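I have placed the structure first, in the form of structure tokens, so that the comments after it can refer back to it.
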Amino acid sequence: MRRMLALLLCAATVLTSCRPAHGSAGAEHRITVAGVTRTYRVHIPAGGSGAGPVVLALHGALGTGEGLEALTGLDRVADERGLILVYPDGFDRSWADGRGVSPADKAHMDDVAFLAAVLDAVRRDHPAADRSRAFVLGMSNGAMMAHRLGCELSDRITAVAAVAGGIPATVAMGCHPARPPRMLDIQGTADPLVPYTGGEVTVPGTGQQRGELLSASDTATHWARLAGCAGPPTAAALPDRVDDGTTTGTLTWCAGQVELYAVTGGGHTWPGGVQYLPAVVVGPTARDFDASQVIGAFFAR
């Protein structure tokens, strides 16, 4: 188990040292918010006018924005969809997602204000950007931060996509968005870090607790309730095209206002992305769908 923990911690090195084969996450920009200088990168669609909506893409704990692009290939989707993709970097490689356990939370970083300022700065630098829509996506700690933005920045965020991260219980309790965003949640049932069934996030090998999350089902139901969805969700299954040890079922509320992709057998991974560590460590990466493409289509509705 200690070896597994060491490998999990090495994930940060893997994700931040590799570089995408296609495009890049753009040049580094700096911004100072509440006296702290932070960084972010911007990808403008190849050959585009920069007239699309802005997407904030939030990496996981111990990661970077550049590493997230390498993991997901999101730049390709941005090029296809005309999205302005922004990769902010968390404080000490973490986000203040409300659980109170991350370096950013412990340093009392106001990441809601930081990300709102980044959105403003990108729109200022690209006057043609669509002002009527803005999106946020994230993985793991970044997914949890994306949920928080959906609660606290609902006047500006149109839709949220979260991969491998439910909503923190403390955030859910205080979540009263004036205009609930559309929500897409993608989670694996065999995630060794983020429990699909909810409860305490526990670091393998140490027993260290990292805050409580709602289950994948309760996370989706939370957003469906806020959206005023009536009646049960519509269930469906994706074709099992690849023998990868995973299958995926979907639940949809309010004709697509809220969607849950439940990846049976899926790990702490990005479906369709890089298997950044062996499946025995982080669980398998689903290959029946590409999360980046699904998110792009969800945002485009």
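Just so it is clear, none of the values below were taken in a lab; they were calculated from the coordinates. The structure displayed is predicted, hence computed values, not measured ones. Here Cβ is always computed from backbone atoms with ideal geometry, including for glycine, and neighbour counts include all displayed protein chains.
Neighbours of VAL160 by Cβ distance under 10 Å: Lys/Arg scored +1, Asp/Glu scored -1, total +1.
To the nearest 0.05, what FRET efficiency results for GLU212 and ARG131 with a Förster distance of 51 Å applied to their C-beta separation? Can you show the working numbers first?
Numbers: r = 36 Å, r/R0 = 0.71.
In this case the efficiency is close to 0.90.
Its Cα centre serving as origin, the chain has a Cβ charge dipole (Lys and Arg +1, Asp and Glu -1) of approximately 320 debye.
Of the DSSP H helices in the chain, those that are both long (alpha-carbon extent of 20 Å or more along the helix axis) and hydrophobic (Kyte-Doolittle mean at least 0.5) are 2-17, 111-125. PRE reach from ALA297 (point 7 Å along Cα→Cβ): which of the stretch 220-258 fall under 13 Å by backbone N? Those under the cut-off are 237-239, 250.
Which of the peptides 239-249, 213-223 is most tightly packed, and how do the rest follow, going by the mean number of other Cβ atoms within 10 Å of each residue?
Values: 239-249: 14.4, 213-223: 23.0.
By packing density, highest mean first, the sequence is 213-223, 239-249.
Determine the percent antiparallel among the DSSP beta bridges restricted to the chain, to the nearest 5. Here the antiparallel bridges make up roughly 50 percent for the chain.
When Rg is the radius of gyration of the Cα atoms in the stretch 203-247 and Rh is its Kirkwood radius, what does Rg/Rh come to?
1.15
Consider a paramagnetic label point 7 Å from the Cα of GLU80 along Cα→Cβ; state which residues of the stretch 268-300 have an amide N under 11 Å from it. Only 290-298 fall inside the zone, counting backbone N under 11 Å.
Using just its DSSP H runs of length 4 or more, each adding -39500 (n - 2.57), the chain gives a mean residue ellipticity at 222 nm of -9000 deg cm²/dmol after division by all residues. Of the residues THR39, MET144, GLY272, the one whose Cα sits farthest towards the positive end of the charge dipole of the chain is THR39 (charges of +1 on Lys and Arg Cβ, -1 on Asp and Glu Cβ, taken about the Cα centre). So if I take the centroid of the Cα atoms in the stretch 113-172 and the same for the stretch 174-223, what is the distance between those two points in Å? A separation of 17 Å, based on Cα centres. Computed from label points 7 Å out along Cα-Cβ, the spacing between ALA46 and VAL280 is 3.8 nm.
Give me the dipole magnitude in Debye, nearest 20, for the stretch 123-262 about the Cα centre, with unit charges on the beta carbon: positive for Lys and Arg, negative for Asp and Glu. Don't skip to the answer; put the middle values down first.
On the way: 11 positive and 13 negative charges, 134 e Å.
About 640 debye.
Listing PHE289, PHE135 from fewest to most neighbouring C-beta atoms within 10 Å gives PHE289, PHE135. The mean of 1/r over all pairs of different alpha-carbon atoms in the chain, once inverted, gives a Kirkwood hydrodynamic radius of 18.9 Å.
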